[in-house]
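Encoded as structure tokens, the structure appears first; notes follow it.
The values are calculated or read from the model by the stated rules, or taken from the named source; none is laboratory data. Every value quoted in this text rests on a predicted model; they were computed, and no experiment measured them. Note that we place each Cβ from the backbone using ideal geometry, even for glycine, and neighbour counts take in every protein chain shown.
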Amino acid sequence: MMTKNVHAPKIKLASFDLDDTLIKDIQSVMLLCILNGKEKEQLAIQEKEERGELDYIAADYLRAELFKGLAESRISESYNEVIRPLKNIKNVVDFLHEKGILCVMITVGPRQVAKVVCDIWGFDGYYGSNYEVKNGIFTGKILEYVKAEDKVDCLKDFCRRNNITPAECIAIGDGLTDIPLFEYCGSAIAVNASHEVQKKAAHIVNTQDLSDVLRYII
């Protein structure tokens with residue numbers, strides 16, 4: 001594990017992944033399948049993904065079809081009943097804001113879910129895949145998918161809007177899709193991550209309490 005550089009620029013932006021970083025067990029795209037009564041079908045896709053028969057992108061396109069007809073409003077209505085978040089997410093965001101640090105959420109999952117959790121936890125912005133919604137209802141189609149490499153473009157957009165350099169950013173994530181951000185940002189924290197992801201991070205945290213990452217940001 002890399003040691004912290006005492007001469008590194010002050011952190012101005014913390015970029016957080018969502019699935020398996022801030023929320024556990026049920027990913028955001030899986031949530032929508034469950035809300036639409038398609039949990040069994042979602043599990044079948046997940047099993048194929050785990051066996052290597054589908055990559056994560058192909059799997060998500062199949063999942064999108066499972067929540068066709070779901071009202072977007074169901075996300076905010078049911079989110080807290082289904083999702084299991086790490087402890088103290090809102091407290092961490094509030095504390096970072098007190099220190100003048102912005103917080104952005106960048107996920108490959110649906111931006112509609114990212115928006116809801118952004119509002120709940122007080123993030124300054126969010127990016128995610130654009131699942132088509134017409135008249136408040138999901139159509140089962142994906143208009144724009146945020147792949148791993150696209151996460152960097154999302155961060156660049158937020159940094160450009162807020163006059164922040166890559167060296168002033170820290171990325172917090174758990175998965176392979178977070179590695180491009182780990183390599184782009186000035187620092188990175190792997191949270192409950194695999195060994196492969198941990199190797200790319202400056203710091204490693206295994207925890208159920210997000211406040212444990214603060215020692216590496218402040």
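If you take the residues of region 70-127 that are at pLDDT 95 or above and among the aromatic types (Phe, Trp, Tyr), which of them is farthest from ASP25 (Cα to Cα)?
Among residues in region 70-127 that are at pLDDT 95 or above and among the aromatic types (Phe, Trp, Tyr), the one farthest from ASP25 (Cα to Cα) is PHE95.
I need the full set of residues from region 5-20 which are acidic (Asp, Glu) and either part of a loop (DSSP other than H, G, I, E, B) or modelled with pLDDT under 95 (or both), in order please.
First pass over region 5-20, keeping only residues acidic (Asp, Glu): 17, 19-20.
Those that are acidic (Asp, Glu) and either part of a loop (DSSP other than H, G, I, E, B) or modelled with pLDDT under 95 (or both): ASP17, ASP20.
Among the residues in region 200-217, are any basic (Lys, Arg), part of a helix (DSSP H, G or I) and surrounded by fewer than 18 Cβ atoms within 10 Å (Cβ to Cβ)? Reasoning before the result, please.
First, the residues of region 200-217 that are basic (Lys, Arg): 200, 215.
Subset that is part of a helix (DSSP H, G or I): 215.
With surrounded by fewer than 18 Cβ atoms within 10 Å (Cβ to Cβ) added as a condition, the list becomes 215.
Among the residues of region 200-217, at least one is basic (Lys, Arg), part of a helix (DSSP H, G or I) and surrounded by fewer than 18 Cβ atoms within 10 Å (Cβ to Cβ), which makes the answer yes.
Out of ILE164, ILE142, which single residue is under 22 Å from LEU62 (Cα atoms) and in contact (Cβ under 8 Å) with a residue 60 or more places away in the chain?
Working: ILE164 fails: under 22 Å from LEU62 (Cα atoms).
Just a single option satisfies the conditions, and that option is ILE142.
Scan (1) free of Cβ contacts under 8 Å to residues at least 24 places away in the same chain; (2) surrounded by 14 or more Cβ atoms within 10 Å (Cβ to Cβ); (3) not aliphatic (A, V, I, L, M); (4) not in a strand (DSSP E or B) for the single condition ASN130 breaks and write down its number.
(4)
Just a yes or no: is a residue in region 128-136 under 19 Å from LYS24 (Cα atoms) and aliphatic (A, V, I, L, M)?
No, the conditions are met nowhere in region 128-136.
Against the definition (surrounded by fewer than 22 Cβ atoms within 10 Å (Cβ to Cβ) and either at pLDDT 95 or above or more than 13 Å from the chain's Cα centre (by Cα) (or both)), how does LYS151 come out, yes or no? Walk me through it before giving the result.
Working: surrounded by fewer than 22 Cβ atoms within 10 Å (Cβ to Cβ): no; either at pLDDT 95 or above or more than 13 Å from the chain's Cα centre (by Cα) (or both): yes.
No; evaluated as a whole, the condition is false for this residue.
Give the number of residues within region 100-112 that are in contact with a Leu (Cβ under 9 Å, 6 or more places away or on another chain) and farther than 18 Å from ILE172 by Cβ.
Count: 2.
Would you please name the residue that is surrounded by the most Cβ atoms within 10 Å (Cβ to Cβ), looking only at residues in region 107-127 that are among the aliphatic types (A, V, I, L, M) and touching a residue at least 60 places away in the same chain (Cβ under 8 Å)? Before the answer, list the steps.
Filtering region 107-127 down to residues among the aliphatic types (A, V, I, L, M) leaves 108, 113-114, 116-117, 120.
Of the ones still in play, those that are also touching a residue at least 60 places away in the same chain (Cβ under 8 Å) are 108, 113-114, 117.
Numbers: VAL108: 25, VAL113: 28, ALA114: 23, VAL117: 26.
Only one residue tops the list, namely VAL113.
Quick one: count up the residues across region 166-197 that are of a type outside the set (Gly, Ala, Ser), surrounded by fewer than 19 Cβ atoms within 10 Å (Cβ to Cβ) and assigned to a loop (DSSP other than H, G, I, E, B).
1
Answer with yes or no whether GLU77 is under 25 Å from VAL133 (Cβ atoms), exposed (fewer than 14 other Cβ atoms within 10 Å of the Cβ) and either among the aromatic types (Phe, Trp, Tyr) or over 17 Å from the mean Cα position of the chain (by Cα) (or both).
Details: under 25 Å from VAL133 (Cβ atoms): yes; exposed (fewer than 14 other Cβ atoms within 10 Å of the Cβ): yes; either among the aromatic types (Phe, Trp, Tyr) or over 17 Å from the mean Cα position of the chain (by Cα) (or both): yes.
So GLU77 passes the test.
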